[in-house]
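The structure appears right after this line, and notes come after that.
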Amino acid sequence: MLDISQAANLLTSMGVSSALATRAAERTAQNHSDADPLTFLKELRATLEELSAETQSAAAGTAAGATSSDKTAYTSTTNLYAKSTTPSAATSSTTTAEKAVATVPFKNLEEFKQWEKGLGATFAADYEPPDYIRMHAMVLSGGDDTVVGRYMFFKNHPEFAADYESIRSGNLSKYPTDGSTLVRSDLSKMSEETAAYYRKNPSALLAAEGFNMDPTLTKMRMNGEINPPTGTNVSEWLTSNKWTKEGIVAENNRVAYANADYIGLDGKGAGTYKRSRLDTATGNIINYDGRIYDRLTGEVKA
């Protein structure tokens, strides 16, 4: 069985509320304590759907707040595939222009704290968390211990800062909410059948990645098309091997995913998220551009 906290964190990163994610993980663990990893993953998905249906049924007929009249300004990657279209030149130029003119409403960590405290607490009834919130769910929902991480993220993404401020005032996000931009696997390296399946089911792909499993081998195993060598732990086999068109080869998927960029379902999203990382050797934050920041003050180091 997979770890409960790992399962809950995976669901949270995919946009599920913390409370619902915890309930789904705990119920699945209680009812399927002896399940192998893949069975647990299947049951986790089924339990989540069951609990989500219960929540929606209970909420039916109640006023959850004013429904936003705004519509998503950008078509998600999943919808692009479904419609067999590509973004127009006008859409691309508009997106580029917005990023160019966007500026963060703070100059340092203290100003960021004041900006954050001034954010509204009104969400649209039909609100769905955009992908950038899913990616930083733990940081964005944290307190003072993660404030520098939030500061660095919005400092690097002024367009997301503006969007986040907007959705905290009851508007819908302008950015994808289906998880399609969070994909790290290259679908062009999969078989056509597998790639088509994951284009239609991005949540299944994100689940495989979330558990550090090779997506193709995971799908084949769940469909009964392949078995790991006799005596091999299924979970470890799926996290230490990958499918290629030339055959199955050894691969540390944990490390591969940790170092992989978010390229999206269309494989063209590299660089969408400018990430910083903690240098465990020095305790400093290394930004995407190589600049070094103090992890306590958020200030650039000489």
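Residues are listed down the side, and each one gets a yes or a no for (1) acidic (Asp, Glu); (2) in contact with a helix residue (DSSP H, G or I) (Cβ under 6 Å, 6 or more places away or on another chain); (3) over 22 Å from residue 131 (Cβ atoms):
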| position | (1), (2), (3) |
| --- | --- |
| 217 | no, yes, yes |
| 220 | no, no, yes |
| 230 | no, no, yes |
| 251 | yes, no, yes |
| 265 | no, yes, no |
| 271 | no, no, no |
| 275 | no, no, no |
| 283 | no, no, yes |
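For the stretch 244-284, the set of residues classified as within 22 Å of residue 154 (Cβ to Cβ) and touching a strand residue (DSSP E or B) at 6+ places or on another chain (Cβ under 7 Å) consists of 276, 277, 278, 279, 284, listed by residue number.
Among the residues making up the stretch 165-184, a single one is among the charged types (D, E, K, R) and touching a strand residue (DSSP E or B) at 6+ places or on another chain (Cβ under 8 Å): 168. Give the number of residues within the stretch 217-247 that are open to solvent by 40 Å² or more (accessible area, probe 1.4 Å), without any contact (Cβ under 8 Å) to a residue 40 or more places away in the chain and assigned to a loop (DSSP other than H, G, I, E, B). Residues in the stretch 217-247 being open to solvent by 40 Å² or more (accessible area, probe 1.4 Å), without any contact (Cβ under 8 Å) to a residue 40 or more places away in the chain and assigned to a loop (DSSP other than H, G, I, E, B): 11 in total.
Scanning the stretch 269-299 for residues that are open to solvent by 80 Å² or more (accessible area, probe 1.4 Å), modelled with pLDDT of 90 or more and within 18 Å of residue 181 (Cβ to Cβ) yields a single hit, 288. Take the conditions (1) within 23 Å of residue 271 (Cα to Cα); (2) modelled with pLDDT of 90 or more; (3) in contact with a helix residue (DSSP H, G or I) (Cβ under 6 Å, 6 or more places away or on another chain); residue 210 misses just one of them, which is (2).
Pick out, from the stretch 80-198, the helices (runs of 4 or more DSSP H) lying fully within it that include 2 or more residues that are under 19 Å from residue 209 (Cβ atoms) and modelled with pLDDT under 90.
Hits in the stretch 80-198: 131-135, 137-140.
Right, residue 209: open to solvent by 20 Å² or more (accessible area, probe 1.4 Å) and in a helix (DSSP H, G or I) or not? Against the criterion (open to solvent by 20 Å² or more (accessible area, probe 1.4 Å) and in a helix (DSSP H, G or I)), residue 209 does not qualify. The single residue among 166, 173 that is farther than 17 Å from residue 104 by Cβ, of a type in the set (Gly, Ala, Ser) and open to solvent by less than 50 Å² (accessible area, probe 1.4 Å) turns out to be 173. Against the test of being farther than 26 Å from residue 199 by Cβ and surrounded by fewer than 19 Cβ atoms within 10 Å (Cβ to Cβ), the options 260, 250 yield a single qualifying residue, 250. Residues in the stretch 192-243 that are in contact with a strand residue (DSSP E or B) (Cβ under 8 Å, 6 or more places away or on another chain), within 22 Å of residue 262 (Cα to Cα) and of a type in the set (A, V, I, L, M, F, W, C): 1 in all.
Is the stretch 250-260 home to any residue that is part of a loop (DSSP other than H, G, I, E, B), at pLDDT 95 or above and at negative phi?
yes
The values are calculated or read from the model by the stated rules, or taken from the named source; none is laboratory data. Bear in mind the structure is a predicted one, so any value in this text is a computation, not a measurement. Methodologically, a virtual Cβ is constructed for each residue, glycine included, from the backbone with ideal geometry; neighbour enumeration extends over all protein chains shown. Side chains are part of the model used for accessible areas, which takes the heavy atoms of the whole protein and leaves out ligands, DNA and RNA. Shrake-Rupley method; radii C 1.70, N 1.55, O 1.52, S 1.80 Å.
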